[in-house]
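Below is one structure, written out as structure tokens; comments come after it.
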Amino acid sequence: MEQHIDNIDFSRKSKEIHDIIRLSDFKRLQDLCLNLEDSIAFVLKGFENKHREPCLELTVEGKLDLICQRCTEKLEHTIFLKSGFLIKEETQLTDFYIDDHAVYDLIEGSVKMDILSLIEDEIMLSLPSAPKHENVNCHYKKTDEMLDRIHPFADLKQKLYKN
Ligand SMILES: [Zn+2]
């Protein structure tokens, strides 16, 4: 896969890339995940909007094994995200129709835009900041020691009358 594209040319020519990326290729994301064999699928499409401005649409799908912040066990996380980008060209900086662009993120025009890093940014932004299992599914268990601390006198009666 080509990792860098000329994003304005890509949009103007309505190019498309469909591909799959191993999690191990994402340097930042892999620190948050357990299984680096996992991969995500993406589609990057270039097009022009009705003002003939260059745009990109990115769709990302996949399943990641995050780490539960309560029990540190595996937490399956499904990713399905769709993002739109409007590419800023030097000549067009002034007269944007804001309403038309509300759903787009602005990105810089570049002859060498890094696709991996764009995808990684989008995934990172979509992840929960402290991923956790639902309570009933969590593997976190109170230890006996903790239970003793919570109910220190639970067996006091027994001890008192033992003799
Ligand atoms: Zn958990």
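The values are calculated or read from the model by the stated rules, or taken from the named source; none is laboratory data. Treat the numbers as computed from the prediction; the structure is a model and nothing was measured. Using ideal geometry, Cβ is built from the backbone for each residue, glycine included, and neighbour counts are taken over all protein chains shown.
Computed quantities for the displayed model
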quantity	calculated
Yes/no for F26 being at pLDDT 90 or above and aromatic (F, W, Y)	yes
Test: residue in region 27-36 that is hydrophobic (A, V, I, L, M, F, W, C), in contact (Cβ under 8 Å) with a residue 60 or more places away in the chain and within 30 Å of K141 (Cα to Cα)	yes
Test result for L36, surrounded by 14 or more Cβ atoms within 10 Å (Cβ to Cβ) and assigned to a strand (DSSP E or B)	no
Verdict on D105 being surrounded by 10 or more Cβ atoms within 10 Å (Cβ to Cβ), at pLDDT below 90 and under 17 Å from L44 (Cβ atoms)	yes
Qualifying residue in region 8-17 (condition: within 27 Å of E76 (Cβ to Cβ), without any contact (Cβ under 8 Å) to a residue 60 or more places away in the chain and either part of a strand (DSSP E or B) or of a type in the set (F, W, Y) (or both))	no
The lone exception for S39 - which of (1) touching a residue at least 24 places away in the same chain (Cβ under 8 Å); (2) within 18 Å of S126 (Cα to Cα); (3) of a type outside the set (D, E) it fails	(1)
Among residues of region 60-84, those that are more than 16 Å from the ligand (Cβ to nearest atom) and either touching a residue at least 24 places away in the same chain (Cβ under 8 Å) or buried (at least 17 other Cβ atoms within 10 Å of the Cβ) (or both), counted	8
